[in-house]
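What follows is a short report on a single structure.
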Amino acid sequence: MKWWCVFGVVQVRDRIWRSATKSYVRPLPQRLGVNARGHSRRLERVLTDFGCEHSFVKAAASVQEHYGFEIGASAVRRATLEHAQRAQEKLEEVYAQSFRILPKVGAKHVIAQTDGTMICTVEAGKQKSKRLREWKEMKLVAAQAKDSATTLYGVTFGNVEGAGRRLGHCAREAGWGLNSQIHALGDGAEWIRLQSREVFGKQGSFLCDFYHVSEYLAAAAESSQGPKAARWRRTQQQRLKRGATEKVIQALENYLEPDGTPEEEAPVRNAHRYLTNRRDCLDYPRAIELGLPIGSGMIESGHRHVLHARLKKAGTAWLQDHADQIAHLRVLRANGQWESLWN
């Protein structure tokens, strides 16, 4: 009998017995608390640790470098996906509970952000066969108390209601109480705005990401202002920060493209429509006065180090279920709950 631990392969010669009721009895593995040809709990943790950060082939190489024995990439893959599924189930149990049971006193301000990213998925089938690849949106949510260095994340391939539920749980863990004000930020997508209002109600306010708004203004400036584009854009940005939203909208109206201009050739009209439809989401003076962010850097950073670092490596395509499991495993680690998976 043999099994693997962090010291390498352990091999023991044992006897196989026969009883009156069974023709195959192997008592040694049960007495030792191991599985024949299996892995120790400590080694499973090591494999999962490396496998959720690196490709399975590189993770196997890391085991050989740090622990001095060889193990197959398939063993790393199996262990990582098995415990990633456990992590997903653990988090789903939390999300199934209500997030509206709040403490009386919490953080004064909680910052909540939501955004989606595209993950390359592939159909199940033989590895060497041609399989259809499809990009699917994975929604990431994040919450953090003002002046805190701790960010809580949630992730889903599911619908917007599922993303909203995860955002509520993250905000509660970050310090959302009955006295709190929730400062929600996003790129202005309708589903993000609606979910922020649905989840936080009167305690929340939604602000469009300033960088995203500036992208619209920059495109409009390049189209309408020529060499004065940069100065014009900075002027409109300063107006937004002062709360002069109507002046910005009026400045855009002066350069609207003629009716019938194709959408892709009408950046001024796009910017005008974007700001006009989001007048109630452009209160930058309030955020600046309270020392709250006006950009969605927290969620963009989360995309890079929570999701992209593993799920969007060059040439990578995932079965959707596996991508979902790995994402939950990385969220569990990012949220400081790694130990709970092994205790």
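Only residues in region 1-30 that are under 27 Å from L47 (Cα atoms) count as the first member; pair them with residues that are surrounded by 13 or more Cβ atoms within 10 Å (Cβ to Cβ) and among the hydroxyl-bearing types (S, T, Y), Cβ under 8 angstrom, at least 6 apart or cross-chain, and list the lot.
Close Cβ pairs (under 8 Å, with a partner that is surrounded by 13 or more Cβ atoms within 10 Å (Cβ to Cβ) and among the hydroxyl-bearing types (S, T, Y)) amount to W3/S40; W4/S40; C5/S40; V6/S40; V6/Y67; F7/Y67; G8/Y67.
Pull up region 117-130, narrow it to residues that are open to solvent by 70 Å² or more (accessible area, probe 1.4 Å) and closer than 23 Å to G158 by Cα, then point me to the one that is modelled with the highest pLDDT.
Initially, region 117-130 is screened for residues open to solvent by 70 Å² or more (accessible area, probe 1.4 Å), giving 118, 123-124, 126-128, 130.
Now restrict to residues that are closer than 23 Å to G158 by Cα: 118, 123-124.
Working: M118: 96, E123: 88, A124: 83.
This residue is M118.
Within region 6-26, identify whether any single residue is assigned to a helix (DSSP H, G or I) and exposed (fewer than 15 other Cβ atoms within 10 Å of the Cβ), and answer yes or no.
Keep residues of region 6-26 that are assigned to a helix (DSSP H, G or I), which gives none.
Among the residues of region 6-26, not one is assigned to a helix (DSSP H, G or I) and exposed (fewer than 15 other Cβ atoms within 10 Å of the Cβ), which makes the answer no.
Please list, ordered by first then second residue, the pairs with beta carbon atoms under 9 Å, 6 or more apart or interchain, first in region 180-200 and open to solvent by less than 20 Å² (accessible area, probe 1.4 Å), second among the acidic types (D, E) and not in a strand (DSSP E or B).
Listed by first residue and then by second, the contacts come to L185/D209; G186/D209; G188/D209.
Taking the conditions exactly as written (under 25 Å from G291 (Cα atoms), part of a helix (DSSP H, G or I) and within 20 Å of the chain's Cα centre (by Cα)), does R165 satisfy them or not? It would help to see each step written out before you state the result.
Values: under 25 Å from G291 (Cα atoms): no; part of a helix (DSSP H, G or I): yes; within 20 Å of the chain's Cα centre (by Cα): yes.
So R165 fails the test.
Looking only at region 314-343, count every residue that is on the phi < 0 side of the Ramachandran plot, open to solvent by less than 70 Å² (accessible area, probe 1.4 Å) and part of a loop (DSSP other than H, G, I, E, B) and tell me the total.
7
Restricting to region 177-189, name every residue that is assigned to a loop (DSSP other than H, G, I, E, B) and under 22 Å from D280 (Cβ atoms). Before you say what the answer is, go through the steps one by one.
Going through region 177-189, the residues assigned to a loop (DSSP other than H, G, I, E, B) turn out to be 177-180, 187-189.
The answer is S180, D187, G188, A189.
Within region 281-313, count every residue that is over 26 Å from A87 (Cα atoms) and open to solvent by 70 Å² or more (accessible area, probe 1.4 Å).
Applying the first criterion (over 26 Å from A87 (Cα atoms)) to region 281-313 yields 281-297.
Going one step further and asking which of them are open to solvent by 70 Å² or more (accessible area, probe 1.4 Å), we end up with 283, 286, 288-289.
Residues meeting the conditions: 4.
Of the numbered conditions (1) modelled with pLDDT of 95 or more; (2) more than 29 Å from the chain's Cα centre (by Cα), G175 satisfies every one except a single condition; which is it?
(2)
Quick one: would you say Q250 is without any contact (Cβ under 8 Å) to a residue 40 or more places away in the chain, crowded, with 19+ Cβ neighbours inside 10 Å and not aliphatic (A, V, I, L, M)? Working first, answer last.
Working: without any contact (Cβ under 8 Å) to a residue 40 or more places away in the chain: yes; crowded, with 19+ Cβ neighbours inside 10 Å: no; not aliphatic (A, V, I, L, M): yes.
Judged against the criteria, Q250 is not a match.
For region 100-153, name all the residues that are among the basic types (K, R), touching a strand residue (DSSP E or B) at 6+ places or on another chain (Cβ under 9 Å) and assigned to a loop (DSSP other than H, G, I, E, B). Write out each step before concluding.
The first filter runs over region 100-153 and keeps only residues among the basic types (K, R), leaving 100, 104, 108, 126, 128, 130-131, 133, 136, 139, 146.
Narrowing further to those that are touching a strand residue (DSSP E or B) at 6+ places or on another chain (Cβ under 9 Å): 108, 131, 133, 136, 139, 146.
Within region 100-153, K108, R131, K146 meet the criteria.
Before we move on, is R172 surrounded by fewer than 24 Cβ atoms within 10 Å (Cβ to Cβ) and either among the hydroxyl-bearing types (S, T, Y) or not in a helix (DSSP H, G or I) (or both)? Break it down stepwise before answering.
Numbers: surrounded by fewer than 24 Cβ atoms within 10 Å (Cβ to Cβ): yes; either among the hydroxyl-bearing types (S, T, Y) or not in a helix (DSSP H, G or I) (or both): no.
Taking the combined requirement at face value, the residue does not satisfy it.
Can you name the residue in region 38-54 that is out of contact with any helix residue (DSSP H, G or I) (no Cβ under 8 Å at 6 or more places or on another chain) and outside any helix (DSSP H, G or I) and is also surrounded by the most Cβ atoms within 10 Å (Cβ to Cβ) among such residues?
Looking at residues that are out of contact with any helix residue (DSSP H, G or I) (no Cβ under 8 Å at 6 or more places or on another chain) and outside any helix (DSSP H, G or I), I get S40.
Yes or no: K58 closer than 23 Å to L329 by Cα and not aliphatic (A, V, I, L, M)?
Details: closer than 23 Å to L329 by Cα: yes; not aliphatic (A, V, I, L, M): yes.
Here the answer is yes, as K58 does meet what is asked.
Condition check ((1) free of Cβ contacts under 8 Å to residues at least 12 places away in the same chain; (2) among the charged types (D, E, K, R)) across all residues:
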site: E264; (1), (2): yes, yes
site: P267; (1), (2): no, no
site: L282; (1), (2): no, no
site: L290; (1), (2): no, no
site: S301; (1), (2): yes, no
site: A309; (1), (2): no, no
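Within the set of pairs 6 or more residues apart or between chains, which connect a residue that is of a type in the set (A, V, I, L, M, F, W, C) inside region 58-85 to a residue that is in a loop (DSSP other than H, G, I, E, B) with Cβ atoms less than 6 Å apart?
From residues that are of a type in the set (A, V, I, L, M, F, W, C), the pairs are A60/I71; V63/I71.
The values are calculated or read from the model by the stated rules, or taken from the named source; none is laboratory data. Just so it is clear, the structure is predicted and the values come from calculations on it, not from any experiment. Ideal geometry is used to build each Cβ from the backbone, glycine not excepted, and the neighbour counts take in all protein chains shown. Remember, those area values only see protein heavy atoms, side chains included, never the ligands or the DNA or RNA. Shrake-Rupley method; radii C 1.70, N 1.55, O 1.52, S 1.80 Å.
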